[in-house]
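Below you'll find the structure, written out as structure tokens, and then a few comments.
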Amino acid sequence: MGKPLEIDDLWSKRINESLNGIEYGTVQIIVHDGKIVQIERTERSRFEQEAKVQQQVTQTTSQVKQVKQANKRFP
């Protein structure tokens, strides 16, 4: 078993800064010889809800155009 990892105030601050503001993603702490040597932060952006809203707007716009065209045929 490896030796216990000690996290000093500097690394604690760096880890907290990496976690702040992340909505979706990962924070990886890289350890070599029992010491933290690197922090990697990967952020993800999710657009599923925005895509759904855009699709609904497109469908509604299409329906409005169809109604307008139908109204032109019957004055």
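Data for the structure
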| read-out | value |
| --- | --- |
| Within region 1-25, considering residues that are among the polar types (S, T, N, Q) and within 14 Å of residue 38 (Cα to Cα), the one most open to solvent (accessible area, probe 1.4 Å) | 16 |
| Pick from region 31-49, criterion surrounded by fewer than 10 Cβ atoms within 10 Å (Cβ to Cβ) and under 18 Å from the mean Cα position of the chain (by Cα), ranking: modelled with the highest pLDDT | 44 |
| Filtered residues of region 1-22 (kept if farther than 30 Å from residue 46 by Cα and either in contact with a helix residue (DSSP H, G or I) (Cβ under 6 Å, 6 or more places away or on another chain) or not basic (Lys, Arg) (or both)) | 1, 2, 4, 5, 6, 7, 8, 9, 10 |
| Long-range neighbours under 9 Å by Cβ, at least six apart or interchain, first residue free of Cβ contacts under 8 Å to residues at least 12 places away in the same chain within region 1-14, second open to solvent by 90 Å² or more (accessible area, probe 1.4 Å) | 6/35 |
| Every pair of residues 6+ apart whose Cβ atoms lie under 6 Å, when the first sits in region 17-40 and is more than 26 Å from residue 3 (Cβ to Cβ) while the second is open to solvent by less than 80 Å² (accessible area, probe 1.4 Å) and modelled with pLDDT under 95 | 25/42 |
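The values are calculated or read from the model by the stated rules, or taken from the named source; none is laboratory data. Just so you know, these numbers come straight off a predicted model, no measurement behind them. Cβ sites come from the backbone with ideal geometry, for glycine too, and all protein chains shown count toward neighbours. Heavy atoms of the whole protein, side chains included, go into the accessibility calculation; ligands, DNA and RNA do not. Shrake-Rupley method; radii C 1.70, N 1.55, O 1.52, S 1.80 Å.
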